[in-house]
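Novice: Dropping a structure here in structure tokens format, bear with me for questions.
A short reminder: the numbers here are calculations on the coordinates, not readings from a lab. Quantities reported herein were computed from a predicted structural model and do not represent experimental measurements. FYI the Cβ positions are ideal-geometry reconstructions off the backbone, even for glycines, and counts take in every protein chain you see.
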Ligand SMILES: Cc1cc2nc3c(=O)[nH]c(=O)nc-3n(C[C@H](O)[C@H](O)[C@H](O)COP(=O)(O)OP(=O)(O)OC[C@H]3O[C@@H](n4cnc5c(N)ncnc54)[C@H](O)[C@@H]3O)c2cc1C
């Protein structure tokens with residue numbers, strides 16, 4: 001056995017995705033010594049690419065608060081392209097949804113009763129961005145290194161024990177063993193099993209309502225959806241933005257497909273199935289992919305000449321997407337949101353939620369050196385994450401349940417955006433609040449009422465939907481600063497973001 005060198009650090013962060021890397025960068029900026037450990041090496045493929053106005057706001061705020069001017073161009077698509085043309089990305093003007101029928105080509109309706117477009121920004125300069133994660137995560141990890149963080153890639157954690165301090169035994173690839181002694185540990189491993197292995201957390205995912213599974217990869221030569229719409233005679237003049245410059249959702253009874261188009265022509269695409277109703281996937285991922293494409297002819301037409309690209313070079317099939325750990329904090333440790341839990345890709349919540357965790361943990365770790373105060377603040381952070389995950393889960397599950405009835409689905413989406421827009425407005429007014437305002441009792445009660453009403457409506461005839469819509473509009477009225485749920489909008493929302 002080779003001799004092990006010993007290093008001391010104030011904080012060790014496990015996982016160098018954008019979450020772990022950004023937290024490391026911020027802490028280093030505030031003078032803390034940080035070790036960032038990952039079992040993989042950058043650049044590496046990662047899924048979860050579609051950013052949102054909330055994510056951009058938090059990134060801009062982190063850049064301003066911690067004096068990190070190199071980050072701020074990434075908070076808007078226009079400045080990103082000008083400042084970092086080498087970091088691959090895609091333009092995202094909003095969210096677009098198209099409802100498909102099994103075995104039939106998509107037929108656009110003149111009154112948009114099978115489409116929903118929700119703009120999240122006013123123009124192409126200030127809009128959101130799809131993050132090509134291999135490039136973006138590497139950029140953040142290298143920025144952390146530049147700020148003095150010790151980045152250990154391709155490093156296995158052999159042992160991780162807490163006595164007075166944490167002691168981590170590490171095995172970097174083809175290098176001698178190392179020992180890290182540190183006062184605090186952050187779990188930023190996302191879906192990794194670090195928490196269960198070393199922090200004694202339990203898997204309590206069965207408490208979540210949503211039950212979905214995804215199959216996904218990256219492709220090129222995917223025909224833009226706009227071209228398919230045009231060839232089917234669709235009138236696009238009142239689309240508030242080009243529908244491919246979006247997190248594009250193709251919806252069907254058993255689930256949905258996402259498409260995120262990057263500027264270099266690659267498209268991130270994946271099916272996400274409601275496991276409560278979808279049949280089992282075949283054991284062969286490529287076969288499953290092709291079976292599901294063929295069910296929806298207009299989507300199949302998009303992929304007629306498409307090729308999988310490398311990376312990742314293969315089709316991934318997930319298990320159940322939903323995860324929840326029993327704890328998000330403990331003695332001398334805390335987890336980022338994405339290591340604590342995850343619901344689904346629907347409506348792109350993950351990046352923003354994780355960034356909100358970076359923001360909160362940075363504040364706690366920089367401002368509360370005293371153990372007792374830090375623990376109190378961490379306990380509050382955990383309470384917030386629990387409530388946030390429950391809120392996201394309820395709203396996303398509601399969307400899955402309403403998929404077979406598009407009008408109800410649209411109302412469920414309106415409920416989801418009510419929470420995000422309320423959060424955006426409160427951030428702008430500098431009101432500190434939990435992510436998506438999950439700690440706001442009246443808002444939660446309102447959304448619970450909407451959720452109950454829509455779930456009930458699933459068993460009612462369509463003729464009753466008008467009344468349900470009126471009730472929902474009234475319920476969300478106190479929060480509805482963005483003009484959501486207006487019949488006259490005919491499912492085409494020009495601008496909903498609060499900024
Ligand atoms: C199918 C899918 C689609 C998604 N789509 C979206 C979307 O469109 N928009 C959105 O906002 N969010 C989306 N998300 C969520 C998004 O992926 C996450 O928010 C994001 O990846 C979190 O980043 P992270 O840095 O915390 O973790 P990750 O990117 O998961 O990075 C974790 C790092 O930890 C390392 N690691 C893991 N275990 C260990 C270990 N034991 N030891 C050392 N290192 C370890 C890994 O190598 C990895 O580099 C999606 C998620 C999924 C699953």
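Novice: Among bridges DSSP assigns within the chain, what percent are antiparallel (round to 5)?
Specialist: So the antiparallel bridges in the chain amount to around 65 percent.
Novice: Further question: Tell me the angle of helix 285-295 to the major Cα principal axis of the chain, expressed in degrees between 0 and 90 and rounded to the nearest ten.
Specialist: 20
Novice: Here's something else I'd like to know. Normalised radius of gyration for region 238-289, please: alpha carbon Rg relative to 2.2 N^0.38 Å, two decimal places.
Specialist: Relative to the 2.2 N^0.38 Å estimate, region 238-289 comes out at 1.38.
Novice: I would also like to ask the following. If one takes the longest principal axis of the Cα atoms in the chain, at what angle in degrees, from 0 to 90 and to the nearest 10, does the Cα axis of helix 371-402 lie?
Specialist: Taking the Cα atoms of the chain, the angle to 371-402 is about 20 degrees.
Novice: Ok, one more. Using Cα pairs under 8 angstrom and six or more residues apart, how large is the relative contact order of the chain, in percent?
Specialist: 19
Novice: Continuing with this model, one more query. Could you work out the relative contact order of region 405-493? I mean the mean sequence separation of Cα pairs under 8 Å and 6+ apart, divided by the number of residues, in percent.
Specialist: Computed over region 405-493, the figure is 37 percent.
Novice: Against the longest principal axis of the chain, how steep is helix 465-476, in degrees 0 to 90 to the nearest 10, with axes from Cα atoms?
Specialist: Result, in degrees: 40.
Novice: As a footprinting exposure proxy, order 343, 204, 410 by other Cβ within 10 Å, with the fewest listed first.
Specialist: Ascending number of Cβ neighbours within 10 Å: 204, 410, 343.
Novice: If you don't mind, there's one more thing I want to ask. Using 19 Å as the cut-off for backbone N distance, which residues of region 189-219 belong to the label zone defined by a point 7 Å from the Cα of residue 277 along Cα→Cβ?
Specialist: 209-215
Novice: Describe numerically, in nm with one decimal, the distance between label points set 7 Å from Cα along Cα→Cβ at residue 375 and at residue 449.
Specialist: 4.1
Novice: Next question. How much length is gained on full extension from residue 316 to residue 367, taking 0.36 nm per residue of separation minus their Cα-Cα distance?
Specialist: Contour length minus the Cα-Cα distance gives 14.3 nm.
Novice: Sort 126, 275 so the one with the fewest other Cβ atoms within 10 Å of its own Cβ comes first.
Specialist: So the residues, fewest neighbours to most, are 126, 275.
Novice: Would you order 411, 23 from fewest to most other beta-carbon atoms within 10 Å of each residue's own beta-carbon?
Specialist: Lowest count first: 411, 23.
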